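Report on the following structure.
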Amino acid sequence: MIAIGGGMANTFLAALGHDIGKSLCEHDLLDTARRIVAEAKTNGCEILLPTDVVAATAFAANAPHRTCGLDGVAADEMILDIGPATIESLKKRLSTVHTVVWNGPFGAFELAPFDTGTNAIARAVAAATKAGDMISVAGGGDTVAALNKAGAAEDFTYVSTAGGAFLEWLEGKTLPGVEALRIR
């Protein structure tokens, strides 16, 4: 299964016909998102998207905000975090897996209260890892910052500041720095 949050989730939600207001979204990738959803379904891979969100009209700490369903985001609002139902659903799903690969926060983790989703999921993964129930691998500068802010990074199995390179390595691509080490 693949859990998608943050700005990437907005692209998938928009591709699936949900109004995301002024949320960060890569509109040029809507067709790509639809293809990914279709390919995942064909290959038996479940894609987990938010079922509720925290929306606000301003990207600012403690901005007035509200929790709503996917079809409740107003035209002047932006999605800044996953909602409480999504958090609980993801935590339940995490209890069924033994490996987590994490790249990217679930919301605007830099700003309270839009850090709630990322903090909750990071702490759940960290607790499962610390208990020996999970291997957790995380990569990317924002991911590392979010895990540190949540106080969870130390309990992950492996944390890398490499973001794009981390994902390319997972894809099996040759990384110049790693290849240079192999040659010697």
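Listed here are the residues, each with its yes/no results for (1) surrounded by fewer than 23 Cβ atoms within 10 Å (Cβ to Cβ); (2) hydrophobic (A, V, I, L, M, F, W, C).
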{"position": "LEU70", "(1), (2)": "yes, yes"}
{"position": "ALA74", "(1), (2)": "yes, yes"}
{"position": "GLU77", "(1), (2)": "yes, no"}
{"position": "ASP81", "(1), (2)": "no, no"}
{"position": "THR86", "(1), (2)": "no, no"}
{"position": "VAL97", "(1), (2)": "yes, yes"}
{"position": "PRO105", "(1), (2)": "no, no"}
{"position": "GLU110", "(1), (2)": "yes, no"}
{"position": "THR118", "(1), (2)": "no, no"}
* Structure fact -> Out of (1) in a loop (DSSP other than H, G, I, E, B); (2) surrounded by 15 or more Cβ atoms within 10 Å (Cβ to Cβ), the one MET8 does not meet is (1)
* Flag if GLY6 is on the phi > 0 side of the Ramachandran plot and either in contact (Cβ under 8 Å) with a residue 60 or more places away in the chain or in contact with a strand residue (DSSP E or B) (Cβ under 6 Å, 6 or more places away or on another chain) (or both) -> yes
* Matching residues in the stretch 146-164 - criterion: being of a type in the set (A, V, I, L, M, F, W, C) and out of contact with any strand residue (DSSP E or B) (no Cβ under 8 Å at 6 or more places or on another chain) -> ALA146, ALA150, ALA152
* **Subset of the stretch 15-41 [out of contact with any helix residue (DSSP H, G or I) (no Cβ under 6 Å at 6 or more places or on another chain), part of a helix (DSSP H, G or I) and either among the hydrophobic types (A, V, I, L, M, F, W, C) or surrounded by 14 or more Cβ atoms within 10 Å (Cβ to Cβ) (or both)]** => ILE36, VAL37, ALA38, ALA40
* To do: Quick one: which helices (runs of 4 or more DSSP H) lie wholly within the stretch 69-184 and hold at least 2 residues that are modelled with pLDDT of 95 or more?
  => 84-94, 116-130, 141-149
* Structure fact -> When CYS45 is run through (1) surrounded by 14 or more Cβ atoms within 10 Å (Cβ to Cβ); (2) under 18 Å from the mean Cα position of the chain (by Cα); (3) over 22 Å from THR118 (Cβ atoms), the failure sits at (1)
* So which of ARG66, ARG93 ends up being of a type in the set (Lys, Arg) and closer than 28 Å to SER160 by Cβ? -> ARG93
* Structure fact -> When the stretch 31-82 is checked residue by residue, the ones that are of a type in the set (Lys, Arg) and closer than 22 Å to PHE109 by Cα are ARG66
* Asked: Out of all the residues in the stretch 42-61, is one or more modelled with pLDDT of 95 or more, of a type in the set (D, E, K, R) and in a helix (DSSP H, G or I)?
  -> no
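The values are calculated or read from the model by the stated rules, or taken from the named source; none is laboratory data. Values in this document were obtained by computation on a predicted structure and should not be read as measured data. Every residue, glycine among them, receives a Cβ derived from its backbone with ideal geometry; neighbour counts consider all protein chains shown.
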